[in-house]
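Novice: Would you mind keeping the following structure in view while I ask a few things?
The numbers here are math on the coordinates, done by the rules we state, and not lab data. Computed from a prediction, not measured in an experiment: that's the story for all the values here. With ideal geometry, Cβ positions are generated from the backbone for all residues, glycine too; neighbour counts draw on all protein chains shown.
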Amino acid sequence: MLKIGVISDTHLHTVNNALKELLKNKFQDIDLLIHAGDMTTVTVYEYLKNWNLLAVRGNMDDFDLKDLLPQKRIEVINNKRIGIIHGSGSPYGIEERVMREFDEKVDIIVFGHSHVPAKKDINGVIFFNPGSFRDSKTAGIIELGEKTDFRFVTIE
């Protein structure tokens, strides 16, 4: 079983106690950390990369992060093709827009931008948005094993 912590839309300029607590308490046993954009600053990136970080840039990230991070990526993890992207535009239809960004087949798309936690199966692709660290105060966990499990965790 591989355990992945998933966060998005942290919108932090510096590492705060809520982020430290999330990593210490809810993500203490993760194997990987996915950040689906809008980290905002390199300071937060430097801290998060201690957790085997896979990240993409968001529309609110500063220029330094935009230089460091790709707009999207596909990672093969435990035989699952996981597309990671931030997303753009209105929350309505966001799944269709992020799907169009991937030419190759993916099993899971992790995205952010809408600040709304969501898990949807559309034509056999699981779309997973952990919600917003800042606004909905949620994050996600994906467990990849014999079966794949998705769940949301609350940030305190």
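Novice: Taking only C-alpha pairs under 8 Å that are 6+ residues apart, what is the relative contact order of the chain in percent? Working shown, then result.
Specialist: Working: 366 pairs, mean separation 38.8, N = 156.
With pairs under 8 Å counted, the relative contact order is 25 percent.
Novice: How many angstrom lie between the C-alpha centres of region 137-156 and region 1-77?
Specialist: Distance between centres, Cα-based: 15 Å.
Novice: Please give me, ordered by residue number, the chymotrypsin sites (Phe, Trp or Tyr not before Pro) of region 87-126 that lie in loop per DSSP and have at most 11 other Cβ atoms within 10 Å.
Specialist: Here the chymotrypsin sites (Phe, Trp or Tyr not before Pro) that fit, given the DSSP loop and packing criteria, are Tyr92.
Novice: A further question follows. Region 35-114: which trypsin sites (Lys or Arg not before Pro) are DSSP loop and have at most 12 other beta-carbon atoms within 10 angstrom?
Specialist: Here the sparse-neighbourhood loop sites are Lys105.
Novice: When the chain is modelled as a GNM with alpha-carbon springs shorter than 10 Å, which of Thr138, Thr41, Thr14 fluctuates the most?
Specialist: The residue with the greatest mean-square fluctuation here is Thr14.
Novice: Arg97 to Lys119: FRET efficiency via 1/(1 + (r/R0)^6), r the Cβ-Cβ distance, R0 30 Å, to the nearest 0.05?
Specialist: On the way: r = 17 Å, r/R0 = 0.58.
The value I calculate is 0.95.
Novice: Right, another one. Using DSSP to call loops (not H, G, I, E or B), can you name the GluC sites (Glu not before Pro) in region 58-151 whose Cβ has at most 12 other Cβ atoms within 10 angstrom?
Specialist: The qualifying sites are Glu104, Glu146.
Novice: Within straight cross-link reach of Lys3, meaning Cα distance under 23 Å, which lysines are found once same-chain residues fewer than 8 apart are removed?
Specialist: Lys20, Lys24, Lys26, Lys49, Lys72, Lys80, Lys105, Lys119, Lys120, Lys137, Lys147
Novice: Principal axes first, then extents: for the Cα atoms of region 93-156, list largest minus smallest coordinate on each axis, whole Å, largest first.
Specialist: Principal axes ranked by extent give 37, 30, 14 Å for the Cα atoms.
Novice: So what is Rg over Rh here for the chain, counting just Cα atoms and using Kirkwood for Rh?
Specialist: On the way: Rg = 14.0 Å, Rh = 15.2 Å.
Rg/Rh for the chain comes to 0.93.
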